[in-house]
Each structure stands twice: as structure tokens, then as C-alpha cells.
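Peer 1: This is the structure I have questions about; it appears just below.
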Amino acid sequence: MVNDKHLKGTTTVGIVCSDAVILATEQRATMGNFIASKTAKKVYQIDELVGMTTAGSVGDAQQIVRIVSVESQLYKMRHKESMTIKGVTTLLSNLLSGQRYYPLMVQLLIGGVDKKGPSIFSLDALGGNIEETRAVSTGSGSPMAYGVLEDRYQKNMSAEEGIDLAIRALHNAMKRDSASGEDINVVVITKDEYRQMDPEDVKKIRATLN
């Protein structure tokens, strides 16, 4: 049996739109040159309108998802409202910082919509966090993804434009990064819903790209 703690290699993308946040990942997990999974889950819903993408160790990422999901639910029960995106990020930052001598080998994007609007934060393995106001990518294919994001991102993009850009960035990264591949998973978060795009709709957009 393959130990999923050591499945690595990915590309993730997060985009801040005028009225939404787009989180997208490809679905390949690798162990060196071996493709260990073609359906790896790399974007998780951790609260009603909050999602998180993961790059790095799958086992470590899943442990983090379990912890932060429980803490988010406890906060909602105690305070009768959801944590803000920044609050969730601070929680994760403290968790990762507390593990600095035995670091959880992950790079995370936390995005969603709260009373302040759409926002995305990036976190490294030691808990350092940065608020991303435009578009961001993590993982082994991120240099290629950034080439597309930097060229095509515009302020106040619509959700539809953000979806197209995220898919285009991942599509191009997957051409050059051997650790990234297979299908693309896209999540759209607005003030009203957390929605995972139909894979067939994603494929239709990919079919229009060069």
C-alpha cells in the first residue's frame, strides 16, 4: 500500500475576484517520478464559505484539514457566527508555527468570502502568512502558472473571468510540470455559496485552450 503521507507535487491557484474567490488545483500526486494518484484531493471546504488548497505532503494536509474544520465548527457554536477568513488563517498559522521543530510539510491557500468580502491568504510550512490581493499559486508548477496569472490577471475580474484564468494557468502549468496533471478541480466561493464546478464544464473550458 502507498503511504499517502509522502505523495507530493502539485499546482494550486487562488484568484480574488470582485464578488468571489476561485480556488483551483490539478489532481496528480507523485512519489518522485512515480504517479501515485490521478484523483488526489487538494482543495477542501473547511467552513461554510471557506476553502483551502494544499501543496506538499498529503498526509500532513489531511491532518490540518481535520483540525481546522473542527475548530471552525466549535467557534461557530460558541459565537453564533463563522470565523473570518483572517481568523481561520491565524488559527492555521499558530498551528503550523507550533510545529516548527517538526514542521508539517505543506503550503496552503485559504480563501473565501466573509463580511469584509472575498480574500485569500497564503501560508508556508512554518506559519508565515501573507494576504494575497490578486492571484497566487503554490506548488511545483507555480512558476509556470504565475507566467499566465501575471500576464492576464485584472483587478475586479468577474467570477467567470476568474474561472477561465485559473483553468488556463493550471492547464499551462500541467504542460511543463511533470508532477502536475490529470483533471482540474475548481471551487467558486461567493457570499451565497461554496460551489464545486462540474468536471464536464471544466473540460469544456480546457478544450478551448491551446
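Each value in this text was obtained by applying a stated rule to the coordinates, not by laboratory testing. Note that the structure is predicted; figures quoted are calculated from it, not measured. Neighbour counts are summed over all protein chains in view; Cβ atoms, including those assigned to glycine, are modelled from backbone coordinates with ideal geometry.
Peer 1: Counting other Cβ atoms within 10 Å, keep those with at most 15, restrict to DSSP loop, and tell me which GluC sites (Glu not before Pro) in the stretch 38-81 are left.
Peer 2: Here the sparse-neighbourhood loop sites are E48, E81.
Peer 1: Here is a follow-up. Kindly flag which residue pairs out of K42/K204; K80/K204; K38/K116 have an alpha-carbon separation exceeding 30 Å in this structure.
Peer 2: Pairs exceeding the cut-off: K80/K204; K38/K116.
Peer 1: Based on the Cβ-Cβ distance of E200 and T133, what FRET efficiency does E = 1/(1 + (r/R0)^6) give at R0 = 25 Å, to the nearest 0.05?
Peer 2: Rounded to the nearest 0.05, the efficiency is 0.20.
Peer 1: State to the nearest 20 debye the size of the charge dipole of the chain about its Cα centre, where the only charges are +1 on K and R beta carbons and -1 on D and E beta carbons.
Peer 2: 360
Peer 1: Which lysines have a Cα less than 16 Å from the Cα of K76, not counting those fewer than 8 places away in the same chain?
Peer 2: K76 reaches K86, K115.
Peer 1: From the backbone phi of the stretch 190-202, what are the Karplus-calculated ³J(HN,Hα) couplings (6.51 cos²θ - 1.76 cosθ + 1.60, θ = phi - 60°) in whole Hz, Gly and Pro given as x?
Peer 2: The phi angles translate into 10, 5, 9, 7, 10, 10, 8, 5, 5, x, 5, 5, 5 Hz.
Peer 1: While we're here: Per the Kirkwood definition applied to all pairs of different Cα atoms, how many angstroms is the hydrodynamic radius of the chain?
Peer 2: Mean inverse Cα-Cα distance, inverted, gives 16.9 Å.
Peer 1: Run the quick spin-label model on K155 and Q99: label points 7 Å from Cα toward the beta carbon, then report their separation in nm to one decimal.
Peer 2: 3.7
Peer 1: Considering Cα pairs under 8 angstrom that are at least six residues apart, work out the relative contact order of the chain and quote it in whole percent.
Peer 2: The normalised contact order for the chain reaches 30 percent.
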